[in-house]
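Below: the structure, in structure tokens.
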């Protein structure tokens, strides 16, 4: 059974409480600069709980920055993360920064990750573009964000939903992997 959110450090629970987070598909600045300062200053144990390898602690911190739209803070930390999981986080960050070629490249490099089938199932009923795909499709996501950036405002509700599902599942997966 996966650990429950109550197994997280209090600091992480407070950061992830904000229901209005991940509201903007292409944020230009952090949502809550005060929270960004708190994430920067937080002890490793406040971010990652029990002792974890430094690369995983940095990736968890990157995830907290991502949740707060602090993409410039998230990217260098995610860049240090190993393997496919780090690549996918970089794809997510580049996509929301409007760097679509980088998002596609890192999405391809990441390949298939174990949370993808669940993410696809969670989105299929509410996201018509994803429903037409046989599975979670990082390339499609970069394409949708690019369309939005260049005027397809009608995509905004779907993109908000996709990025919230994506973040929650990737955060949970990262937390589990980091604890091994």
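Restricting attention to segment 156-180 and to residues that are without any contact (Cβ under 8 Å) to a residue 24 or more places away in the chain and part of a helix (DSSP H, G or I), the residue that is farthest from residue 13 (Cα to Cα) turns out to be 157.
None of 126, 87 is under 14 Å from residue 162 (Cα atoms) and touching a helix residue (DSSP H, G or I) at 6+ places or on another chain (Cβ under 6 Å) except 126. Which number in (1) closer than 16 Å to residue 81 by Cβ; (2) assigned to a loop (DSSP other than H, G, I, E, B) marks the one condition that residue 136 misses? Single failed check for residue 136: (1).
Within segment 118-138, residues that are in contact (Cβ under 8 Å) with a residue 40 or more places away in the chain sit with their Cβ atoms under 8 Å from residues that are part of a helix (DSSP H, G or I) and surrounded by fewer than 12 Cβ atoms within 10 Å (Cβ to Cβ), at 6+ positions apart or across chains, in these pairs: 123/131.
Checked against the criterion of being crowded, with 20+ Cβ neighbours inside 10 Å and either modelled with pLDDT under 95 or not in a helix (DSSP H, G or I) (or both), segment 142-149 contains not a single residue that satisfies it. Taken together, the criteria place residue 109 among residues that are in contact (Cβ under 8 Å) with a residue 24 or more places away in the chain and surrounded by fewer than 20 Cβ atoms within 10 Å (Cβ to Cβ). Of everything in segment 41-56 that is in contact (Cβ under 8 Å) with a residue 24 or more places away in the chain and either within 17 Å of residue 93 (Cα to Cα) or out of contact with any helix residue (DSSP H, G or I) (no Cβ under 7 Å at 6 or more places or on another chain) (or both), the residue that is surrounded by the fewest Cβ atoms within 10 Å (Cβ to Cβ) is 50. Screening segment 5-118 for helices (runs of 4 or more DSSP H) wholly inside it with 1 or more residues that are within 15 Å of the chain's Cα centre (by Cα) and more than 17 Å from residue 171 (Cβ to Cβ) returns the ranges 71-79, 83-97, 100-110.
Put simply, of 16, 22, 59, 77 the only residue that is buried (at least 22 other Cβ atoms within 10 Å of the Cβ) and more than 21 Å from residue 136 (Cβ to Cβ) is 77.
The values are calculated or read from the model by the stated rules, or taken from the named source; none is laboratory data. Not measured: the values here are computed from a predicted model. Because the Cβ atoms are built from the backbone with ideal geometry, glycine has one as well, and the counts that use them run over all protein chains shown.
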